[in-house]
Structures are given as C-alpha cells and as structure tokens.
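Some notes on the structure that comes next.
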Amino acid sequence: MFSNSVKYAIKAVLYLGVNSTGDQRIRANNISEATDIPMAYTSKLLQELSRHDVVSSAKGPNGGFYLTDENRDTPLFKIVSIIDGENRLTSCVLSLERCDEDYPCPLHDMVGKTKSNFITSIRETTVGQLIEDVQKGISFLPL
C-alpha cells in the first residue's frame with residue numbers, strides 16, 4: 001500500500017519522535033544510519049517534510065531535525081499525501097485508469113472496504129499516537 005518513500009518517511013519521523021526533542025536535534029546522517037535509509041533519500045524526504053511542517057529543523061552547529069508537539073499531531077495521511085500524493089491510496093489496485101463503483105476492476109469489491117477502512121485509519125492516526133505506542137512497548141520499531 002505504501003511506497004518505499006512513504007515507508008522511509010514514516011520511519012524517519014518516528015525515529016525523530018522517539019529520539020529527539022527541541023533541544024536535542026538529530027542530523028540527517030544520523031537518522032539515515034539509524035534507520036538504514038540511504039543518506040541522500042533521508043535528506044530529501046526530511047527537507048520535504050520540513051517544508052510541510054511535519055518535522056521541524058534548525059540550522060547551525062547544534063542544528064538538525066526534531067518534532068514539536070504540533071508535528072506530533074500530524075495525521076499519517078498527510079505524510080502519504082506529501083510524499084506520494086493522495087492518488088496513490090485512492091487509485092485502482094490493478095492500476096487501471098478507470099475503476100470505480102460503476103465500472104469496477106476484478107479486485108475492486110475485494111479491497112474496497114479494507115482500503116476505505118485503512119484510509120480512514122491513517123487520516124485519524126497521528127504521528128504522536130504511533131510514537132506513544134513505541135514508547136509504551138505496544139508496538140516496535142527497531143531503531
């Protein structure tokens with residue numbers, strides 16, 4: 001469902017949420033190393049997420065990336081939309097140009113409800129909720 005770019009972006013954001021504060025910022029190279037995401041990719045994704053207020057950044061000798069309380073309130077859907085566009089989630093699973101309720105592809109009915117529920121979940125789930133789950137040991141992210 002998610003592209004590699006979205007997976008990388010979510011991993012990087014969650015890493016920041018678990019390991020950074022406003023005073024303790026993390027450089028892109030450290031995030032890249034810890035998350036096993038290529039450095040150039042990490043930088044590009046974090047810059048894009050920073051432009052859209054999903055992550056915060058500071059320049060200078062103590063610079064780097066971090067999450068604010070406002071960043072933690074970001075729904076996962078916003079990350080997906082920024083990186084891949086909304087069309088990635090709403091398009092046909094077979095990538096057919098035309099697929100809808102009136103003209104369904106062979107898999108349309110099988111994935112329709114599941115896909116709708118998934119989209120609703122990522123619209124309602126925030127970065128902060130996932131970070132809390134990791135911190136509480138409810139979910140795990142090897143970082």
### Message
I'd like the Kirkwood hydrodynamic radius of region 61-143, using the inverse of the mean 1/r over distinct C-alpha pairs, in Å.
### Response
15.2 Å
#### Entry: Sites T21 and T90, calculated FRET efficiency, Cβ-Cβ separation with R0 35 Å, nearest 0.05
0.45
### Task
Divide the volume of the convex hull of the Cα atoms of region 94-136 by its number of residues and quote the answer in cubic angstrom per residue.
100 Å³
#### Entry: Cβ-Cβ FRET estimate between K136 and M110, R0 fixed at 35 Å, reported to 0.05
0.55
### Query
Sorted by average packing, counted as other Cβ atoms within 10 angstrom per residue and highest first, what order do 16-28, 126-138 take?
16-28, 126-138
### Task
For the chain, just the Cα atoms, rotate onto the principal axes and tell me the three extents in Å, largest first.
57, 31, 25
### Amide hydrogen neighbours beyond the local backbone of V55, cut-off 5 Å, H modeled
S50
### Task
Measure off 7 Å from each Cα along the Cα-to-Cβ vector at E70 and A34, then give the distance between these two points in nanometres to one decimal.
2.3 nm
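Throughout, read-outs are computed from the coordinates displayed, never taken from laboratory work. Just so it is clear, the structure is predicted and the values come from calculations on it, not from any experiment. Because the Cβ atoms are built from the backbone with ideal geometry, glycine has one as well, and the counts that use them run over all protein chains shown.
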